[in-house]
């Protein structure tokens, strides 16, 4: 009867990142928030000197971006794939449209760029969720 029970090696370790998936999502959100915050601060600086206001603005934008991204990563898998893809599309469109508006372009052009980006992100996200269905 010993051959019927599978044995587990005591040297077996789970793959990297599988023990706590929210930690990987948090790190990813923080890194992307850092990039977004630095990008927003540099656009807001507009070739002037770096001051405390620019640094605070970049930190604020980065923290908000990371918080929303982490929330979407936590709540998104519980949603239907259409709603999940739409949420990421809306988030991506708003984020890119806002950065584009910081560069001094008109609000209509910023909305257009955000809309095109949001549609693209939503379509790609929907394709990803549709092909990797549980």
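The table that follows gives values for the structure above.
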quantity: Those residues of segment 93-108 which are over 13 Å from the mean Cα position of the chain (by Cα) and either closer than 20 Å to residue 39 by Cα or touching a residue at least 60 places away in the same chain (Cβ under 8 Å) (or both), in sequence order; calculated: 97, 98, 99, 100, 101, 102, 103, 104, 105, 106, 107
quantity: Residue in segment 71-92 that is free of Cβ contacts under 8 Å to residues at least 12 places away in the same chain and under 28 Å from residue 43 (Cα atoms) present; calculated: yes
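Let's see how each residue does on (1) part of a helix (DSSP H, G or I); (2) closer than 19 Å to residue 28 by Cβ:
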{"position": "49", "(1), (2)": "no, no"}
{"position": "56", "(1), (2)": "yes, no"}
{"position": "62", "(1), (2)": "yes, yes"}
{"position": "75", "(1), (2)": "yes, yes"}
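All of the numbers you see were taken from the coordinates with simple rules; none came from a lab. These figures come from a predicted structure and were not determined experimentally. Heads up, the Cβs are rebuilt from the backbone with ideal geometry, glycines too, and the neighbour counts pull from every protein chain shown.
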